[in-house]
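What follows draws every value from the coordinates through simple rules; no lab data is involved. Because the structure is predicted, anything quoted here is derived from the model rather than measured. Every residue, glycine as well, gets a Cβ built from its backbone with ideal geometry; the counts of neighbours run over all protein chains shown.
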Amino acid sequence: MLICFGSRNEVSRVIFIDAIMMANENRVCGRARIPAMTSRAFFVAALTALVAIAPSGCARRHRSKTIARAGQPPNATPKQRARPASPVPVGYTEQGIASWYGVPYHGRPAADGEIYDMEKLVAAHRLLPFNTWLKVTNLANGETVNVRVIDRGPFVRGRFLDLSKAAARTIGLLGPGIGEVRVEVIAAPKDIPVNDFFAVQTGAFANRESAESLRLKYAERFGNAQLALKQGASPLWRVLVGKEPSIEAAQQLAIVLAAENRNVFVVRLDESRP
């Protein structure tokens, strides 16, 4: 007689992680011999126990192979799952120097595609996903403001956040122009792309030909380099090198590139927009 051993937790892991299913296939089911029974009552009890065990073991795993997912034929090969994006935890904090930006970019498309309005409570950050909400505190006076990330920047060494004119005014940063702030993520976006990557910005050029020349140079050396347009009174073509799966990997690339160019910045790679 064949008895299959397995737990409901093991079956759940099989459903969600194909690799674990392959690695543990030989451990889900095992063979055990049942000695001959001399008592009819004991045989009935053993049979009852067998029926109770089987659905949580091999029988359940076997049925999972024949149940089709929505929109798939029964024997379709499951598509490879895309790498999930790294969520931004609510409560994450940063501290550093913030600045603000206005007229040259007012009325022009921000990096997320929407029109930048300097009188709205928005901001630019090099790494946080678009539509991340931040609570920004001016450490000099304790004033706070909530802003939404819609743009990329600042691309100035020593700064990590660019506020809109309205946001800077709210916390008393308009006059000084820059100041030390603390930011806290208060709401994370729900629509982060399933594949998020990071790169290193090595330059920004008003002349596209100059930017393309540098892009080709880095593409030949590192295998991946692209241009991203920064709208403004004088549009800038940003040269982005690499396509790394994590911030840590992009930072390692930045160390290499910084040896020949001090002005490098790790940035999130956003979806290309027309």
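Projected over all directions and averaged, the alpha-carbon convex hull of the stretch 124-258 occupies 9.2 nm². Set the Cα radius of gyration of the stretch 93-187 against 2.2 N^0.38 Å, with N its number of residues, and you get 0.94.
Counting only aspartates and glutamates at least 8 places from LYS135 when in the same chain, those with an alpha carbon closer than 12 Å to its own are GLU94, GLU143, GLU184.
Tally Lys/Arg at +1 and Asp/Glu at -1 over every other residue whose Cβ is under 13 Å from the Cβ of ARG182; what's the total?
Numbers: positive: LYS135; negative: GLU94, GLU143, GLU180, GLU184.
Charge balance in the 13 Å sphere: -3.
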